Structure formats: structure tokens, C-alpha cells
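Chemist: Pasting in a structure now, in C-alpha cells, and then I'll have a few things to ask.
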Amino acid sequence: LYYAILILIQILLKYYFQNKYLYFLSIRIHFAAEFAFLTYFLGSTFYNKYYKKFITPLNIFFLLFSLYDFYISDKLVLASDVAITESFLMIVILIYFFFEKIKYDIQAPLYESKVFWIAVALFIFFSGIFLVLIYSKTLINDLKFREQYFIIYNTFNIIKNIFFCVALIIKGSNTKDKYSSDSFNLPPDHFYPFNNPNS
């Protein structure tokens, strides 16, 4: 629903109202909202309560950075610095997500979880476009690079959506880890490899 509304607004701003200023502002709003949605979604699955508390300050930082970038940069260009920062932070958060899942989820294999496939989709997408976004800062005016950029971006977007579809059809496990609050409440045999299906 969020993407549908945003795309509709961007189409109207770009083609109907032909307001480039608001169009590029809406792209920055898109990055900030997308980052907030994804971080709160992934943060809700974290076991460590201290890392959960870190999500809100991280979103405030990213929002302030987006506004600052909009203030100091050309208003009629894509927010490449914001996109690069979002990709880098999402990769870091997803690596920690996988670390927690491998360490603490002992009741069922990871591939039975919907959130695991969503995280895989996001990790492939952000990792795939990260270097392309970095190169786009200097090569975006090169027509050949722009063609390659859209091919690579759309390819990873399609792969991401395929994994989202996998997440939708996964039945999922109803079992929950009773030792999920933090690592200090785990039993002594928790870290034995034969007790963890994800080791």
C-alpha cells in the first residue's frame, strides 16, 4: 500500500504537475520512510533488547541526514548519498539479524521462517545495488552506465520480489524460542551445536 501510494504521488508530480522539486523531495521521503519501515520490522524480531532500543535513534539520524543532504545538495538530482547510506546501514542491520537468528533460534530451522526469506531478499537487494549506487555518483550522466544501472537495479529488484513471494508461500513454524529475551537467560546447553538446527 505504501509503495502504491508513493509511486502514484511520484507519477503525478513528475508527469502531471511536472514539479521536479517536489518529485525529488518525494524520493528522499521514500528513502526515509522505507528505512523506517524496514528497521522497525527487523528490529521487532531482535532478541537483544538493547539493540531494539537502538532502532529509533538510528531512524532519527537517517532522517536528519536525509534532510541535511536535501539542504546542501542540488535539489534536482537523485539522492545518491542517501541511497548509499540506506543500503550500507541495511546491510549492517541484516548481518546482525542473521547473526541473532543463527545464535538464538533453536526451535526450528531458519528456512521455515517467513522473516528469514524477507531478510534474504533485502540482503540480496541492498548488497547487489550498493556498489552500483556508489558508481552512480560520478557516472550517472554516462548513457551507457545509466542503461547498465537500470538493468542491474531492476534485476536485483526482481530477485528481491521472487524471495518475497517465497516468504508468502512458506507455511512457517508456530514454535517460539522460550529463551528469546536475551542471551543471559539461555540454558547452559544452548550453545551446543547439536541443539541448534541452524549451526
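The values are calculated or read from the model by the stated rules, or taken from the named source; none is laboratory data. Keep in mind that this is a model prediction, so the values were computed, not measured. Here the Cβ is made from the backbone with ideal geometry for all residues, glycine too, and neighbour counts use every protein chain on show. Just the protein is used for accessible areas: all its heavy atoms, side chains included, with ligands, DNA and RNA removed. Shrake-Rupley method; radii C 1.70, N 1.55, O 1.52, S 1.80 Å.
Chemist: Kindly provide the set of residues from the stretch 52-71 that are aromatic (F, W, Y) and under 16 Å from V92 (Cα atoms), ordered by number.
Modeler: Hits for the stretch 52-71 are F54, F61, F62.
Chemist: Related question: Which of the numbered conditions does K137 fail, given that it passes all the others? Conditions: (1) in contact with a helix residue (DSSP H, G or I) (Cβ under 6 Å, 6 or more places away or on another chain); (2) surrounded by 14 or more Cβ atoms within 10 Å (Cβ to Cβ).
Modeler: For K137, the exception is condition (2).
Chemist: Ok, one more. Looking at (1) modelled with pLDDT under 85; (2) assigned to a helix (DSSP H, G or I), which is the one condition that is false for K144?
Modeler: (1)
Chemist: Among L67, L110, which is more than 17 Å from the chain's Cα centre (by Cα), open to solvent by less than 30 Å² (accessible area, probe 1.4 Å) and either more than 23 Å from L131 (Cα to Cα) or not hydroxyl-bearing (S, T, Y) (or both)?
Modeler: Of L67, L110, the one residue that is more than 17 Å from the chain's Cα centre (by Cα), open to solvent by less than 30 Å² (accessible area, probe 1.4 Å) and either more than 23 Å from L131 (Cα to Cα) or not hydroxyl-bearing (S, T, Y) (or both) is L110.
Chemist: Please go through the stretch 29-38 and give me each residue that is modelled with pLDDT of 90 or more and in contact with a Ser or Thr (Cβ under 9 Å, 6 or more places away or on another chain), ordered by number.
Modeler: F31, A32, F35 - these are the residues of the stretch 29-38 that are modelled with pLDDT of 90 or more and in contact with a Ser or Thr (Cβ under 9 Å, 6 or more places away or on another chain).
Chemist: So, one more: What are the residues in the stretch 154-175 that are aliphatic (A, V, I, L, M), at pLDDT 95 or above and open to solvent by 60 Å² or more (accessible area, probe 1.4 Å), if any?
Modeler: Within the stretch 154-175, I158, I162 qualify.
Chemist: For the stretch 2-49, enumerate the residues that are over 16 Å from F70 (Cβ atoms), of a type outside the set (A, V, I, L, M), open to solvent by 70 Å² or more (accessible area, probe 1.4 Å) and in a helix (DSSP H, G or I).
Modeler: Y3, K14, Y15, Y16, F37, Y40, F41, K49
Chemist: Related question: Return the total of residues in the stretch 70-102 being free of Cβ contacts under 8 Å to residues at least 40 places away in the same chain, open to solvent by less than 80 Å² (accessible area, probe 1.4 Å) and more than 12 Å from F31 (Cα to Cα).
Modeler: Counting residues in the stretch 70-102 that are free of Cβ contacts under 8 Å to residues at least 40 places away in the same chain, open to solvent by less than 80 Å² (accessible area, probe 1.4 Å) and more than 12 Å from F31 (Cα to Cα) gives 4.
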